[in-house]
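The values are calculated or read from the model by the stated rules, or taken from the named source; none is laboratory data. On a predicted model such as this, the values are computed, not experimentally measured, just so you know. Neighbour counts are summed over all protein chains in view; Cβ atoms, including those assigned to glycine, are modelled from backbone coordinates with ideal geometry. Just so you know, the surface numbers come from the protein's heavy atoms only, side chains and all, with ligands and any DNA or RNA stripped out. Shrake-Rupley method; radii C 1.70, N 1.55, O 1.52, S 1.80 Å.
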Amino acid sequence: PLIFFDEIDPSADETYICTMINGENQHGWLSGRARIVVWDLEWRLQGEPPNIPGVSEMWASDRWYAEQIGARYVPLGSHPGLNPTPELNIDKLFDVTMLAYMTPRRERVANEMKRAGLTMTGNAWGEQRHNYLLQSRAMVNVHQHDWAHTTAPQRFALAAAYKLPLISERACDPGVFTDAVLWSEYGALANFVSNQLGGDLREFGEALYQLLCVDNPFRLCVESAL
């Protein structure tokens, strides 16, 4: 069940998992029987771990970042249901999609890919995002920060559900994604994407789906960590 932060009862014999840190929970709770987990899906400046009273443990879904903040590495599994129409096989209108907040280092790669003649989707939500994912040949991941070369758990899980080949800037530690993702250094990423799209990448989309939707689905990852 989903509840609000102010419904957490630290005295209850329950486990609560918080997947964000904001003004509602950053002051924490009085110690009690409850097991309160913070699953940190963001990157804190310089890897400084959040210090929240009453939190029993920290999880993180990037292995390198987990080590930086002393958290438990828990991969974020996916689920086939994230793609509501898996039976559709429609024409690919775009070479790549990024679906990312466009920081300068991301814009640089995007502009380089466009100069290389690649077509890109914009950012979107809802049905438009669904269509972009179906219409793209690959997803490209570029790190948001220079200091956090991390996997992007939610983006990777989404690509997996759509069997979308994933091409990423190299991470400090790929964790479970060693063989299911195509990796490149930042400076060569645009050319790498262009070269890879010259071949058939469907096996990488299948491999990512197998990894996160079959072998390590969301429910299994959570229950294994608990």
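In Å², and per residue, what accessible area does the chain have when probed at 1.4 Å with the other protein chains present?
Each residue of the chain exposes 53 Å² on average to a 1.4 Å probe.
Which listed residue (187, 205, 17) has the Cα farthest towards the positive end of the charge dipole for the chain, taking +1 on Lys and Arg C-beta and -1 on Asp and Glu C-beta about the Cα centre?
Sorting the options by dipole projection puts first 187.
Using the Cα atoms as the points, what is the convex hull volume per residue of segment 82-149 in Å³?
94
Ranked from highest to lowest mean number of other Cβ atoms within 10 Å per residue, what is the order of the peptides 112-119, 179-186, 202-209?
202-209, 179-186, 112-119
For all pairs of alpha-carbon atoms in segment 142-226, what percent lies in each bin of width 10 Å, listed from the first bin to the last filled one?
17, 47, 30, 6, 0
Per DSSP H run of n ≥ 4, the term is -39500 (n - 2.57); total these for the chain, divide by its residue number, and report the mean residue ellipticity at 222 nm rounded to 500 deg cm²/dmol.
It lands at -7500 deg cm²/dmol.
With a 10 Å radius around each residue's Cβ, average the other Cβ atoms per peptide and rank 29-35, 69-75, 157-163, highest first.
Those peptides, ordered most packed to least, come out 157-163, 69-75, 29-35.
Provide the convex hull volume over Cα atoms per residue for segment 1-66, in Å³.
Spelled out: Cα convex hull of segment 1-66, divided by residues, is 86 Å³.
Nearest 5 percent is fine: what portion of the DSSP beta bridges confined to the chain is antiparallel?
Here the antiparallel bridges make up roughly 0 percent for the chain.
Over all pairs of distinct alpha carbons, what does the Kirkwood formula give as the hydrodynamic radius of segment 23-147, in Å?
About 17.6 Å, per the Kirkwood formula over Cα pairs.
Take residue 93 and residue 125, extend 7 Å from each Cα along the Cα→Cβ direction, and tell me the distance between the two endpoints in nm.
The two pseudo-label positions are separated by 2.1 nm.
So what does the Cα-only Debye profile of the chain read at q = 0.07, 0.12, 0.15 Å⁻¹, as log10 I(q)/I(0), no solvent term?
For the requested q values the scattering log ratios are -0.24, -0.69, -1.02.
In whole percent, and with a 1.4 Å probe on the protein chains, what portion of the accessible area of segment 53-170 is carbon and sulfur?
48
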